[in-house]
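All remarks here apply to the structure that follows.
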Amino acid sequence: MSKVRARHENCFVYGCKNPHISLHKLPPADALRKQWLDFVCNGNDSSTLPKNVLVCANHFTRDCFSNFGQYIGGFASKLRLKEGSLPTIRNSISNEPGDIKPATFQLAERRHVACQTEPETRSVGTQLSFKTLQPHFRSEGVQATVAVSNIGVGTSTVTSVHMPSSPIQRPSKRPRLDLEEEDEDEDPFEGSASLAASQELDDTYDPTDSSTVLTESMDMTAGESCPTHKIKKYIVYETCLMELFQACPVCQLACDVKTQKIGTFLLVEQLCPKCEFSRQWKSQPVLGSTPAGNIHLSAAVYLSGASFFTLEKIFKAMELQLFQYDIFRRHARMYIEPAVVNKWKTTQDVMLNQLSEEEKVTVRANSLGHCAKFGSHTMMDLKTNTVIDIQLVESNKEKQGLRRSLALLKASGVTLDSIVTDRHPQIQRFLRENNIPQFYDVLHIEKGISKKLDKISEMSDCEQLQKWIPSIRNHIYWTAATSTTGPERVAKWTSVLNHVQDIHTHEDPIFPKCLHPLRITRDRSKWLEAGTPVFDKMKKVMTNRKILQDIAKLSPHHQTSSSEAFHSVILRFAPKNVVFPFLGMLCRLYLAGLYYNENANRQQAITTAGDPLFKVHFPKDRDEKCSAQPVKAEPTFRFVDDLMDLIFENVFVDPEQYMEDLVKIPIPADPFAQYERPDKEEVIASYVSRFNEEAVRTQHMSPESEGTTTLTLRPRKPQHPLTKD
């Protein structure tokens, strides 16, 4: 039978003056419908009745309702009519449903006769919703009695409801009710009595927890309008959770409890075999047919650069429930990776639009070989210190990544002033052919020269050079930062050969003398002399023709390369010891770019007193001295919050439009796919362990050729197709 919420409190039964709040439509079956109409009209003409005839619950017996116990106990706001029920009560009497209001207090328990102790109750904390945890009744501190049927000495079960002497009134109903079809999945806790803050406290009240309870209650109330992925989560133990479903909240008898698990999701079904009270509880919201917690956990692992297998070990150690890896990959393909690509493309368009408005832009291009399959090419804006483009190419096609980045900048209207790269020969030739001004990163040249000078200083007759290596390193950066032309850089660079001899005037007119003030040196042993082995070897390294050509093209912009810092961020999101597919590797590069752009220009952290914060850095080499390094402010992860909003509010709702950008990405073929894979059985058969190698070299006697010996040699292990003999 269907139940309705009438727009007006109107029961059509003749003589009904105080209709019940639960109103029910006529059944669709003709036979039952006629019997209902005969009862409603009571012998009068039924042609004058409207189309929608309603009958209130006062005209049915208790056994006509499937949730009468829940309604009396305050766990349901409306009565649900069983199929085939007929109205039989013409005038409502005191023992019928119409006169029994939903109780704000009903406790059915067993107690011994002549025993004055009250039943013991306790609360259990769990992860239920606020409405479920909210008490449906409270004690007013009065001495109430419970109606008990005394049958000798023993136990009995409460069979009737006794109201407290000062009952808590249910909230007043609205004068008008909206007409609505009955929902079979109606929440049995809807309309339960709310907890009044002004009421007297129970005996179990703990004043030390009052502030915490009130704060959490307010948070839970506000969480009803909070997005699903921003609701707080807690770890709940199974034994604590099941305590809430052991006893029926209506009759307090043991219930049948069934559970169903889907990854981190738990579904609990509770059924009372006596009063047929039933409810279904879910540990987390369900989006469509997918538990929200499973998607949220997959997104959190992916977006933070963590490893699913590491998380799986942690969950297993704590006995936390987790889904399988294939579920994680399905979430990544359908929701996470489309959101990451969309977020990066949107952010990139904003950056390119800003760069197109500038007159000229200086960029830094660098490549990183991640594995034997893939290599990444990064384009950074040196003015804002942000990553503007990331290209993932095959490891042997480094120039292809630079070509794609330059084509993207040109299509976006960005005018290049110059480009800073490393000294890769193919990159030099490509930029020279396209008439793009090129400079070299100072860090790469400084590392190359320092390694050569360190080897020289380790020789027996060249220890004196060790004192000058730190000064020579600083001299490279000073040369690049203070020079405007190539000849000026070369002149300043070669002046160090005179400086180490305590000669501070030079023959080159571009840089005739040193700029530092002249000082009288007390330690004459540190100066080098021309013609000595250490000076000749140092001069050979520093005046090499290739070195002088590279010095002339040192970049005057941002001497400390920020690309190295970005490479360290890449290793956090995509470690080299983990194999990723092409699309997975590209999305992790995008995540590294989003994180770097958000935190690249962080300010130095300060103490509570407002002073800049430093930390003492101890080098790995024991001979080097410790140094002070500034501590930057804590990094932020706003991009993760933005991606979570995008996944739950847009991508999950309509993933097809976000998959279009994913399909447009060109994925190269596997470089090893062209080679035929060997048969697995043959490879297993050819396996020989170091412990059974002698057993393989055995003698086999043939029955046909007795006396002959057959020598079986160990087969050669199969080689990889790319391995040379």
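The values are calculated or read from the model by the stated rules, or taken from the named source; none is laboratory data. These numbers come from a predicted model, not from an experiment. Using ideal geometry, Cβ is built from the backbone for each residue, glycine included, and neighbour counts are taken over all protein chains shown. We work out accessible area using only protein heavy atoms, side chains counted, and drop any ligands, DNA or RNA first. Shrake-Rupley method; radii C 1.70, N 1.55, O 1.52, S 1.80 Å.
Do you know which residues across segment 475-496 are among the charged types (D, E, K, R) and within 9 Å of I551 (Cα to Cα)?
Within segment 475-496, R489 is the sole residue that qualifies.
With the structure loaded, tell me whether E660 is closer than 27 Å to S367 by Cβ, out of contact with any strand residue (DSSP E or B) (no Cβ under 6 Å at 6 or more places or on another chain), open to solvent by 30 Å² or more (accessible area, probe 1.4 Å) and of a type in the set (D, E) or whether it fails that test.
no
Taking the criterion of being free of Cβ contacts under 8 Å to residues at least 12 places away in the same chain and loosely packed, with under 14 Cβ neighbours inside 10 Å, the residues of segment 490-515 that qualify are T505, E507, P509, P512, K513, L515.
Is it the case, given these coordinates, that E433 is over 16 Å from D550 (Cα atoms), loosely packed, with under 14 Cβ neighbours inside 10 Å and within 51 Å of the chain's Cα centre (by Cα)?
Details: over 16 Å from D550 (Cα atoms): yes; loosely packed, with under 14 Cβ neighbours inside 10 Å: yes; within 51 Å of the chain's Cα centre (by Cα): yes.
Judged against the criteria, E433 is a match.
The residue of segment 674-696 that is most open to solvent (accessible area, probe 1.4 Å), among those that are modelled with pLDDT of 70 or more and either in contact with a Cys (Cβ under 8 Å, 6 or more places away or on another chain) or among the aliphatic types (A, V, I, L, M) (or both), is I684. Filtered by the rule that a residue be open to solvent by 10 Å² or more (accessible area, probe 1.4 Å), over 24 Å from T415 (Cα atoms) and touching a residue at least 24 places away in the same chain (Cβ under 8 Å), segment 436-452 gives L443, H444, E446, K452. Of the residues making up segment 479-489, those that are part of a helix (DSSP H, G or I), open to solvent by less than 70 Å² (accessible area, probe 1.4 Å) and either at positive phi or out of contact with any Pro (no Cβ under 8 Å at 6 or more places or on another chain) (or both) are T479, G486, E488, R489. Of all residues in segment 593-621, those satisfying the criterion of being outside any loop (DSSP other than H, G, I, E, B) and surrounded by 14 or more Cβ atoms within 10 Å (Cβ to Cβ) are G593, L594, Y595, Y596, N597, E598, N599, F614.
Scanning segment 516-554 for residues that are open to solvent by 60 Å² or more (accessible area, probe 1.4 Å) and within 51 Å of the chain's Cα centre (by Cα) returns K546, Q549, K553. Of the residues making up segment 38-74, those that are open to solvent by less than 40 Å² (accessible area, probe 1.4 Å) and farther than 30 Å from V250 by Cα are F39, V40, C41, V53. Looking across segment 392-428 at every residue that is crowded, with 18+ Cβ neighbours inside 10 Å, over 34 Å from the mean Cα position of the chain (by Cα) and not hydroxyl-bearing (S, T, Y), the one that is modelled with the lowest pLDDT is identified as I427. Within segment 227-245, the set of residues being part of a loop (DSSP other than H, G, I, E, B) and open to solvent by 60 Å² or more (accessible area, probe 1.4 Å) comprises I231, K232, K233, Y234, I235, Y237. Within segment 39-63, if we keep just the residues that are out of contact with any Leu (no Cβ under 6 Å at 6 or more places or on another chain) and assigned to a helix (DSSP H, G or I), the residue that is nearest to V13 (Cα to Cα) turns out to be V40. Given the criteria under 30 Å from V361 (Cβ atoms) and of a type in the set (F, W, Y), does F566 qualify? Yes: the conditions hold for F566. Close Cβ contacts (under 8 Å, 6 or more residues apart or on different chains) running from residues in segment 642-660 that are within 16 Å of W344 (Cα to Cα) and touching a residue at least 24 places away in the same chain (Cβ under 8 Å) to residues that are assigned to a helix (DSSP H, G or I) and polar (S, T, N, Q) comprise L646/N342; V651/N342; Y658/N342; Y658/N650.
In segment 239-287, the qualifying residues are those that are over 15 Å from S66 (Cβ atoms) and among the small types (G, A, S), and the one that is farthest from the chain's Cα centre (by Cα) is A254.
Of note, G375 does not satisfy the criterion of being of a type in the set (G, A, S), closer than 28 Å to A669 by Cβ, assigned to a helix (DSSP H, G or I) and open to solvent by less than 30 Å² (accessible area, probe 1.4 Å).
N474 meets the conditions (1) open to solvent by less than 60 Å² (accessible area, probe 1.4 Å); (2) under 51 Å from the mean Cα position of the chain (by Cα) in every case but one. The failed one is (1). Screening L368 with (1) within 15 Å of the chain's Cα centre (by Cα); (2) assigned to a strand (DSSP E or B) gives one miss only, at (1).
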